[in-house]
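Undergrad: What follows is a single structure, and I will ask about it in a moment.
Throughout, read-outs are computed from the coordinates displayed, never taken from laboratory work. Bear in mind that the values here come from a model prediction, so they are computed numbers and not experimental data. So basically every Cβ, Gly included, is an ideal-geometry build from the backbone, and we count neighbours across all protein chains shown.
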Amino acid sequence: MTGRRGLLVLLVAAVAALAAFASPFAASSPDGLSAVARDHGFAADRSMAAARRDAPFSDYAVPGVGGDRTSKGLSGLIGVTLVFGAAAGTGLALRRRHRGAA
């Protein structure tokens, strides 16, 4: 695997490894969105609390996975996979659309 495809595979593997192994060590303080929600008073809203509780990756954890670090690492890996899949799908769709117009 050489060229651009090899570099792409290497970069995706590096990002996935970083997400899986570094995310468990992320700071436990609230992120930017949580801090803004708390500062503006809508973090305590009951409907928002229910939405956060029922979210698939609430608190950056995968439900049913034992161990906090394992759960957060898996959550990071799933997030990277979803974002990469969405970007790759969008890129392929735009590429096909561009080829069809030419």
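Undergrad: Could you tell me which of HIS98, GLY41, GLY66 has its Cα farthest along the dipole of the chain towards the positive end, charges placed at Cβ (Lys, Arg +1; Asp, Glu -1), taken about the Cα centre?
TA: Value computed over the given set: HIS98.
Undergrad: Determine the gain in length on full extension of the stretch ALA88-VAL36; use 0.36 nm per residue of separation and subtract their C-alpha separation, reporting nm with one decimal.
TA: Extra length available between ALA88 and VAL36 comes to 15.6 nm.
Undergrad: Shifting gears a bit: What full-extension length gain, to one decimal in nm, is calculated for VAL12 and ILE78 as 0.36 nm per residue of separation minus the Cα-Cα distance?
TA: So the chain would gain 22.5 nm between VAL12 and ILE78.
Undergrad: For the charge dipole of the chain, defined by +1 on Lys and Arg C-beta atoms and -1 on Asp and Glu C-beta atoms about the Cα centroid, which residue among THR81, ALA51, VAL9 has the Cα displaced farthest towards the positive pole?
TA: VAL9
Undergrad: Now, a different point. Obtain the radius of gyration and the Kirkwood radius of the chain from its C-alpha atoms and give Rg over Rh.
TA: 1.11
Undergrad: If you place +1 on the Cβ of every Lys and Arg and -1 on the Cβ of every Asp and Glu, how big does the dipole about the Cα centre of the chain come out, in debye to the nearest 20?
TA: 680
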